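Participant: Have a look at this one before I ask anything.
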């Protein structure tokens, strides 16, 4: 990275994968399973290559027969048949190549579709920590760019390499059959070609690895920049961000050009070696021809075979370059596919009945990383059925961590979280999550209609129930003001709505689920004045007649709780009613004076 780049502080994304060999049999075997459902298509595509190769190999030999047996001795009898066979071979070769292209492309697209779906499904299964640790752009690169790089290999590379080897073998056999001495003359330059390709492939491999790495960085940078565009503009950082992007973009261009340079150099050298081989054949072959050891037709056919010999070699060098890129992408895809979640289904799951008793944290300890700081230190907490419990505490006390443990986004490193006495780790993940609804401070809405967002967890929700949920949570008052009502589009992440409007929609979505346990993670900490009263009314309707865990920064919300739990340094240090905790004069009173006093009437 340049000094200027460092000065601007580019947020480069480091590689999370250590690259291995240019061809890794382990990776190939791992991805080979995606060809399993398409065995017949794979067989037909593979079978087309020797057919195409055979039809191509017969043509120079037909030229030899036409010259030596008909044109030179001037015997027209049978020449028409030779010509007809040659035309037939050309027509069939055209048809076989067309079928070959269709088959290989269809195979490649089907395998690519399956791989892309498998990667997306894996993203939904991996631990939330993996999603949180990796930039969105990097994860998108796995499912998009890396899969596209493999798609080209699946479609034209992997099988055609075998076809090229078959063609090369066939050409060598035909050349040896025509004249062994000419074949040895022709191949005198081949060792130089092999040495050059072996020398260049190491540099080509590194170039393609750098291309894949920089593409991942660029995608991550773009995603971060677009998501934070309002911040960029408000801080007037457009020029600095453009300069940073120019650095990443320039590095990507340079890496691409480097890979292209190696590719072009290899192509040029192969062409030069092919010309040298033909020149060598002409030089030594002239003496053989003049001595009468070879006929002119044989010589013409031999040169044609030699010319064709270097075509698959050139293609193999290009496909080797493609393979460099594919192996880099394969390594990234396999790394994600083989990522094992730590939050797993129990081997013998226990059923959860209707919530009747309490949700308990029993000596819960938790750290986000094995070598990271511990967030919760033996937390003991009870939330009884029907109880509204507010959790407060300073930043870093572990409030949001409680939400993640209840939803089983993470499991405790020690202790347990139980529901009616059943450890959540002993129940099916979907069954645990079906018991609750989570409403976050930054309510996430998908780009679609309001109707689709409210029905997100209940696809079969009737229009009557949909409207009832919106009306009860006061979201209907916002929706009715919109021209398209429930069909109004909210934009990406709900960008067309205000913060308060998004929260009301999120309340309606949660109520539509009719959860037994409701978790509000600072869901009322940032609202606009216009919708504040609506949100308070909607919140009361949402938590009515249900168990609620409320992580709140607003005094009005905390006062409505049956019990307030105060966290500090990952432990419960105080609990009780609002007035009781104020009289206690401890952590809660200090928090109240710092955060809540100005909200008091």
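The values are calculated or read from the model by the stated rules, or taken from the named source; none is laboratory data. Owing to the predicted nature of the structure, the values given are computational and were not obtained by experimental measurement. Positions of Cβ are generated from backbone atoms using ideal geometry, with glycine treated the same way; all protein chains shown enter the neighbour counts.
Participant: In the list 548, 568, 552, 561, which residue meets the criterion of being closer than 21 Å to residue 395 by Cβ, in contact with a strand residue (DSSP E or B) (Cβ under 6 Å, 6 or more places away or on another chain) and at pLDDT 80 or above? If you could, list the steps in order and put the result at the bottom.
Facilitator: On the way: 548 fails: closer than 21 Å to residue 395 by Cβ; 568 fails: in contact with a strand residue (DSSP E or B) (Cβ under 6 Å, 6 or more places away or on another chain); 552 fails: at pLDDT 80 or above.
Matching residue, one of 548, 568, 552, 561: 561.
Participant: Then there is this: Give segment 409-427 a look and list any residue that's assigned to a loop (DSSP other than H, G, I, E, B), in contact with a helix residue (DSSP H, G or I) (Cβ under 9 Å, 6 or more places away or on another chain) and more than 20 Å from residue 506 (Cα to Cα), or say none.
Facilitator: Taking segment 409-427 and keeping what is assigned to a loop (DSSP other than H, G, I, E, B), we get 409-413, 420-421, 427.
Going one step further and asking which of them are in contact with a helix residue (DSSP H, G or I) (Cβ under 9 Å, 6 or more places away or on another chain), we end up with 409-412.
Those that are assigned to a loop (DSSP other than H, G, I, E, B), in contact with a helix residue (DSSP H, G or I) (Cβ under 9 Å, 6 or more places away or on another chain) and more than 20 Å from residue 506 (Cα to Cα): 410, 411, 412.
Participant: Quick one: count up the residues across segment 339-375 that are over 20 Å from residue 418 (Cβ atoms), without any contact (Cβ under 8 Å) to a residue 60 or more places away in the chain and surrounded by 13 or more Cβ atoms within 10 Å (Cβ to Cβ).
Facilitator: Residues in segment 339-375 being over 20 Å from residue 418 (Cβ atoms), without any contact (Cβ under 8 Å) to a residue 60 or more places away in the chain and surrounded by 13 or more Cβ atoms within 10 Å (Cβ to Cβ): 1 in total.
Participant: Residues that are modelled with pLDDT under 65 and outside the structural domain of residue 118 (by TED's automatic domain parsing): which helices (runs of 4 or more DSSP H) entirely in segment 1-79 hold 2 or more of them? I'd like the intermediate steps shown before the answer.
Facilitator: Working: elements: 3-8, 25-32, 39-66.
Output list reads 3-8.
Participant: Kindly indicate which of 166, 162 is in a helix (DSSP H, G or I) and surrounded by 15 or more Cβ atoms within 10 Å (Cβ to Cβ).
Facilitator: On the way: 162 fails: surrounded by 15 or more Cβ atoms within 10 Å (Cβ to Cβ).
When all the criteria are applied, what remains is 166.
Participant: Pairs under 9 Å by beta carbon, first residue assigned by TED's automatic domain parsing to the domain that holds residue 196 and over 14 Å from residue 308 (Cα atoms) in segment 268-293, partner outside any helix (DSSP H, G or I) and at pLDDT below 65, six or more apart or different chains?
Facilitator: Going by the 9 Å Cβ cut-off, the qualifying pairs are 285/294; 287/293; 288/294.
Participant: Among the residues in segment 377-391, are any without any contact (Cβ under 8 Å) to a residue 60 or more places away in the chain and more than 28 Å from the chain's Cα centre (by Cα)?
Facilitator: yes
Participant: Out of all the residues in segment 395-408, is one or more in a loop (DSSP other than H, G, I, E, B), in contact with a helix residue (DSSP H, G or I) (Cβ under 9 Å, 6 or more places away or on another chain), outside the structural domain of residue 132 (by TED's automatic domain parsing) and buried (at least 18 other Cβ atoms within 10 Å of the Cβ)?
Facilitator: Start the filter on segment 395-408 by keeping residues that are in a loop (DSSP other than H, G, I, E, B), which leaves 395-398, 407-408.
Retained after the next criterion (residues that are in contact with a helix residue (DSSP H, G or I) (Cβ under 9 Å, 6 or more places away or on another chain)): 407-408.
Narrowing the set further to residues that are outside the structural domain of residue 132 (by TED's automatic domain parsing) leaves 407-408.
Adding the requirement that they be buried (at least 18 other Cβ atoms within 10 Å of the Cβ) leaves 407-408.
Looking for residues that are in a loop (DSSP other than H, G, I, E, B), in contact with a helix residue (DSSP H, G or I) (Cβ under 9 Å, 6 or more places away or on another chain), outside the structural domain of residue 132 (by TED's automatic domain parsing) and buried (at least 18 other Cβ atoms within 10 Å of the Cβ), one finds at least one in segment 395-408, hence yes.
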